[in-house]
Structure formats: C-alpha cells, structure tokens
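Asks: I'd like to ask you about the structure that follows.
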Amino acid sequence: MSEAAGPNELPARILHDLSQELADMLCFIFQQSFDNSDLPHDWSEAMVVPAYKKGERDRPINYRPISLTCLACKTMEHIVLSHVNKHLNTYNILSHLQHGFRRGFSCETQLILVADDWAKTLNHHGQVDAILL
C-alpha cells in the first residue's frame with residue numbers, strides 16, 4: 001500500500017481497506033465508462049511530481065517526473081489490460097517477435113533472439129543489415 005494518492009487524494013489504503021464496500025460502486029462506474037466510452041473527468045487528470053533517481057539530491061537533473069493518476073482509474077486500466085492480454089495470448093495474435101510489454105519477454109530476450117539470428121546468418125556467410133532508430 002505504498003502507492004501515492006493521485007489528484008483526488010484518495011490513498012490506496014482506503015481502496016484496500018474498503019474494497020468490499022466499494023466494489024459494487026466501482027464496478028458500476030467502470031461499466032458506465034465502457035458503455036458511454038467516457039471516463040469521469042477527474043480520472044484523466046494527473047499530478048506531476050519529481051522522483052529522485054540518483055546522485056546529489058540538490059540537482060534537478062537527478063530527478064525524473066512521474067504522473068500520479070487516480071487509483072480507481074488505474075484499477076480499471078489493469079482490468080482491461082488483463083483481459084486484452086488474455087485474449088491476445090489465447091488466440092496467439094501477437095507475433096513471437098513481439099517482446100515488449102509481455103510476460104516472460106523482455107529487452108534481454110529480444111536481444112538474445114536478434115544476436116542468435118545474426119550469428120546464424122553470418123555463419124552461413126549471409127549479410128546482416130541493422131538500423132538503429
């Protein structure tokens with residue numbers, strides 16, 4: 001429960017402790033948002049705050065901006081993401097080459113795959129072209 005409250009200043013602890021009491025109300029709001037293709041106005045607002053990275057704390061360059069958004073909206077986004085990912089995985093829609101934002105895949109797995117492909121091509125005296133954007 002260390003997540004910071006967003007613009008509505010509703011702490012995660014409240015959502016957690018009152019989850020049983022709030023579940024039906026949040027479910028109604030979520031369904032209305034889907035049915036009307038619209039979010040409550042304050043769910044699209046964010047507070048941008050500095051987060052310390054490393055180095056001297058008195059230097060602004062050692063901070064990065066983070067956006068604190070509504071926790072109820074984050075909850076709804078997580079539910080949608082879970083359902084979309086389940087659908088994509090169930091029907092094998094994503095290419096095996098897609099490594100970003102997938103469970104069990106990472107930059108490292110993508111790099112290993114690319115290095116392996118390049119090595120195989122070079123071992124067969126093929127040409128490898130790479131473009132970095």
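The values are calculated or read from the model by the stated rules, or taken from the named source; none is laboratory data. Just so you know, these numbers come straight off a predicted model, no measurement behind them. For neighbour counting, all protein chains shown are included, and Cβ atoms are generated from backbone atoms with ideal geometry for every residue, glycine included. The area values use the complete protein model at the heavy-atom level, side chains included, leaving out ligands, DNA and RNA. Shrake-Rupley method; radii C 1.70, N 1.55, O 1.52, S 1.80 Å.
Asks: Just to be sure I understand: with springs between alpha-carbon atoms less than 10 Å apart, which residue in 29, 112, 66 has the highest mean-square fluctuation in the Gaussian network model of the chain?
Replies: 112
Asks: Mind grabbing the accessible area of residue 95 for me, 1.4 Å probe, Å², rounded to tens?
Replies: 60 Å²
Asks: Counting only the heavy atoms of the protein chains, how much of residue 108 is accessible to a 1.4 Å probe, in Å² to the nearest 10?
Replies: Accessible surface of residue 108 is approximately 120 Å².
Asks: Still on this structure: Mind jotting down the three principal axis lengths of the stretch 55-122 based on Cα atoms? Whole angstrom, largest first.
Replies: Principal-axis extents of the stretch 55-122 (Cα, largest first): 50, 36, 12 Å.
Asks: Now, a different point. Looking at the P(r) of the stretch 1-85, how many percent of alpha-carbon pairs lie beyond 18 Å?
Replies: Counting pairs separated by more than 18 Å, the tail of P(r) holds 54 percent.
Asks: On a 0 to 90 degree scale, rounded to 10, what angle separates helix 107-123 from the longest Cα axis of the chain?
Replies: Relative to the chain, helix 107-123 is tipped by roughly 10 degrees.
Asks: Net charge near residue 62, counting Lys/Arg +1 and Asp/Glu -1 over other residues with Cβ under 10 Å of its Cβ?
Replies: Net local charge, residue 62 excluded: +3.
Asks: Between the stretch 89-118 and the stretch 14-60, how far is it from one alpha carbon centroid to the other, in angstrom?
Replies: 30 Å
Asks: Let me ask another. Using a simple spin-label model with points 7 Å from Cα along the Cα→Cβ vector, what separation in nm is obtained for residue 32 and residue 52?
Replies: 4.1 nm
Asks: Could you sort 43, 118 by accessible area so the largest value comes first, with the probe set to 1.4 Å?
Replies: Largest to smallest exposure gives the sequence 118, 43.
Asks: Kindly sort 47, 76, 25 by accessible area of their heavy atoms, largest first, with the probe set to 1.4 Å.
Replies: Values: 47 75, 76 15, 25 105 Å².
Largest accessible area first, the list is 25, 47, 76.
Asks: Rank these residues by their accessible area, most exposed first, probe 1.4 Å: 44, 82.
Replies: In descending accessible area the options line up as 44, 82.
Asks: Moving on. Write down the accessible area per residue of the chain in Å², having rolled a 1.4 Å probe over the full set of protein chains.
Replies: For the chain, the solvent-accessible area averages 82 Å² per residue.
Asks: Further question: Given springs between every Cα pair under 10 Å in a Gaussian network model of the chain, which of 11, 50, 40 has the largest fluctuation?
Replies: 50
Asks: So what's the convex hull volume per residue for the Cα atoms of the stretch 89-133, in Å³?
Replies: Dividing the Cα hull volume of the stretch 89-133 by its residue count gives 101 Å³.
Asks: I've got another one for you. 7 Å from Cα along Cα→Cβ at both residue 121 and residue 133: what's the point-to-point distance in nm?
Replies: Going from the residue 121 label point to the residue 133 one covers 1.7 nm.
Asks: If you check each cysteine of the chain for another cysteine whose beta-carbon is under 4.7 Å away, which ones come up empty?
Replies: 27, 107
Asks: Hey, another quick one. Go ahead and run the numbers for FRET between residue 22 and residue 101, Cβ-Cβ distance against an R0 of 30 Å, rounding to 0.05.
Replies: Values: r = 29 Å, r/R0 = 0.96.
FRET efficiency, residue 22 to residue 101: 0.55.
Asks: Would you mind checking the tilt of helix 71-90 against the longest principal axis of the Cα atoms of the chain, expressed as 0 to 90 degrees and rounded to 10?
Replies: It is inclined by approximately 40 degrees.
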